[in-house]
Amino acid sequence: MFDVRERARALQEQIVSWRRALHATPEIGLEAPVTERFIVDELAKMGVDSIVHGGGKHGITALIKGGRPGGVLGIRADYDALRITEDTGLPFAATNGNMHACGHDAHAAMLLGTARLLLDCREELPGSVKLIFQPSEEDGKGADAMIRDGVMEDPAVDSVIGLHTGNLWKGFKHGEVGYRFGALMAAADWFKVTFSGKGGHGATPHLTIDPLAMAAQAVIMLQQIVSREVNPFDPAVVTVGMIHGGAMPNIIAQECVIEGTIRCMSQSVRDHITKRIHEICEEAARALRGSALVSFGAGTPPVLNDRAVTEDLKRAMEDIVGAENVHEVEEPTMGAEDMALFLERAPGSFFFLPALFDDESRNFPHHHPKFDLNEEVFWIGPAVMAHYALTRRQ
Ligand SMILES: [Zn+2]
Ligand SMILES: [Zn+2]
């Protein structure tokens with residue numbers, strides 16, 4: 001029987017070197033030619049059964065066919081960076097004004113490692129594994145683009161897993177792994193409201209219709225949605241992060257614009273908040289004799305983990321790192337992830353591989369110019385994912 005744990009440990013150095021190579025050439029957005037060339041070359045060298053790249057399609061999809069009957073498991077890793085000037089001082093630090101400050105370089109390297117492991121035991125692998133390398137996670141465009149290109153079809157993916165490394169969740173040490181049933185990360189949407197009135201002199205308010213007064217009322221009333229209308233056990237956030245209106249203290253403006261973000265963990269709350277922002281802003285404007293134009297930018301849905309997949313995944317984690325090192329992520333985060341879009345189309349599970357340093361001074365938040373990962377844990381991700389592929393219920 002193929003010893004995934006030992007084989008993954010033996011691959012550790014290789015995974016680290018892939019990560020460092022990817023780290024040095026960070027790219028952002030839907031097109032990442034250098035990163036994609038690197039991944040495609042490595043997959044080709046390994047001898048995967050097929051690679052889909054280019055030809056108008058986004059990202060990279062590769063297929064590994066197993067020697068036993070079974071379904072099609074999708075394993076997803078993102079590979080995009082951020083527009084941040086790196087300040088880690090690492091020997092493989094990027095110098096092109098972009099930076100892998102979220103750990104996606106490690107995600108891609110770990111998926112390459114997973115591919116290597118699965119190819120080494122392909123006779124034992126039930127069904128097929130579709131490796132999904134995704135660009136543009138940070139701006140929420142990549143998963144959507146790949147799904148439109150048909151990544152979940154031909155052959156149809158019956159289940160999908162993926163991981164995030166770094167320090168997104170607290171209370172973990174390196175060497176541990178985190179899972180969660182149900183909601184792991186939030187839905188994120190944006191809204192913009194333009195309040196319109198009738199401008200004029202600040203000394204004659206009775207001759208005007210003041211849009212700033214409407215916006216002020218609306219901002220206060222919007223706070224009531226979460227505090228008065230949403231179940232306290234169903235986390236949600238409505239934040240107004242921008243308010244723009246007026247040019248001088250003695251002028252009543254013609255318009256006032258507010259913009260904000262909505263975070264929540266369920267579709268029903270998402271629908272309710274969206275509906276109520278509409279109603280509240282329009283009613284506040286009408287009450288003060290003006291009008292409001294409300295628009296929404298639909299972001300990603302919540303990351304919702306399937307129970308059966310998560311149970312099997314948890315078992316795989318326990319086999320790899322021991323039950324004492326497998327913990328439930330206690331609280332979901334209000335951050336968003338477009339992994340959610342894959343999970344909307346096939347049951348699956350997104351899990352957390354902490355890559356923290358013991359030395360606290362080396363741990364920086366994600367998206368920080370000094371963000372870094374403890375590379376010692378890299379073998380664990382591929383080991384868990386490959387072991388899950390070999391042992392999951394079909
Ligand atoms: Zn990020
Ligand atoms: Zn990320």
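Observations, loosely collected:
- Note on region 187-300: with neighbouring protein chains present and a 1.4 Å probe, carbon and sulfur make up 59 percent of its accessible heavy-atom surface.
- Taking 0.36 nm per residue of separation and subtracting the current Cα-Cα distance, fully stretching the chain between residue 362 and residue 10 would add 124.1 nm.
- For the chain, alpha-carbon Rg relative to the globular expectation (2.2 N^0.38 Å, N residues): 1.12
- Heavy-atom SASA rank of 100, 244, 387, 174 (probe 1.4 Å, accessible area, largest first): 244, 174, 387, 100
- Using a probe radius of 1.4 angstrom, the carbon and sulfur fraction of the accessible surface of region 329-394 is 48%.
- Estimated vicinal HN-Hα couplings, Hz - region 334-340 in sequence order (Karplus 6.51, -1.76, 1.60; Gly, Pro = x): 7, x, 10, 8, 7, 3, 3
- Directionally averaged projected area (region 187-300, Cα convex hull): 6.7 nm².
- Cross-link partners for residue 314 among the lysines, with Cα-Cα distance under 23 Å and sequence neighbours closer than 8 places in the same chain left out: 130, 170, 173.
- Vicinal HN-Hα couplings computed from phi for region 183-200 (Karplus, 6.51 cos²θ - 1.76 cosθ + 1.60; Hz; Gly/Pro x): 6, 10, 9, 7, 6, 10, 10, 10, 9, 9, 10, 10, 8, 10, x, 9, x, x
- Length added when fully stretched, residue 120-residue 251, from 0.36 nm per residue minus Cα-Cα: 39.9 nm
- For region 322-377: relative contact order, % (alpha-carbon pairs under 8 angstrom, 6 or more apart): 24 percent
- Share antiparallel - DSSP beta bridges, the chain, percent rounded to 5: 65 percent
- Per-selection Kirkwood Rh - region 57-171 (Cα, Å, 1 d.p.): 15.4 Å
- GNM result for the chain, Cα springs below 10 Å: residue of 216, 340, 316 fluctuating most strongly: 216
- Euclidean distance of C-alpha centroids, region 299-325 and region 377-394, integer Å: 11 Å
- Solvent exposure of region 85-218 as accessible area per residue, Å², 1.4 Å probe: 34 Å²
- The aspartates and glutamates within cross-link reach of residue 45, meaning a Cα-to-Cα straight distance under 20 Å and a gap of 8 or more places when in the same chain, are 13, 36, 105, 120, 123.
- Heavy-atom accessible area, probed at 1.4 angstrom with all protein chains present, ranks 170, 141 as 170, 141, highest first.
- For a paramagnetic label modelled on residue 154 (point 7 Å from Cα along Cα→Cβ), amide N atoms under 15 Å away belong, within region 23-61, to 50-58, 61.
- Reachable lysines from residue 192, criterion Cα separation under 25 angstrom, eight or more residues apart if same chain: 141, 275
- The mean sequence distance of close C-alpha pairs (under 8 Å, at least 6 residues apart), as a share of the length of the chain, puts its relative contact order at 24 percent.
- The chain: most fluctuating residue of 293, 163, 125 per GNM, C-alpha cutoff 10 Å: 293
The values are calculated or read from the model by the stated rules, or taken from the named source; none is laboratory data. Worth saying up front: this structure is predicted, and the values here are computed from it rather than measured. Here Cβ is always computed from backbone atoms with ideal geometry, including for glycine, and neighbour counts include all displayed protein chains. Please note that ligands, DNA and RNA were not included when accessible areas were found on the heavy atoms of the full protein model with its side chains. Shrake-Rupley method; radii C 1.70, N 1.55, O 1.52, S 1.80 Å.
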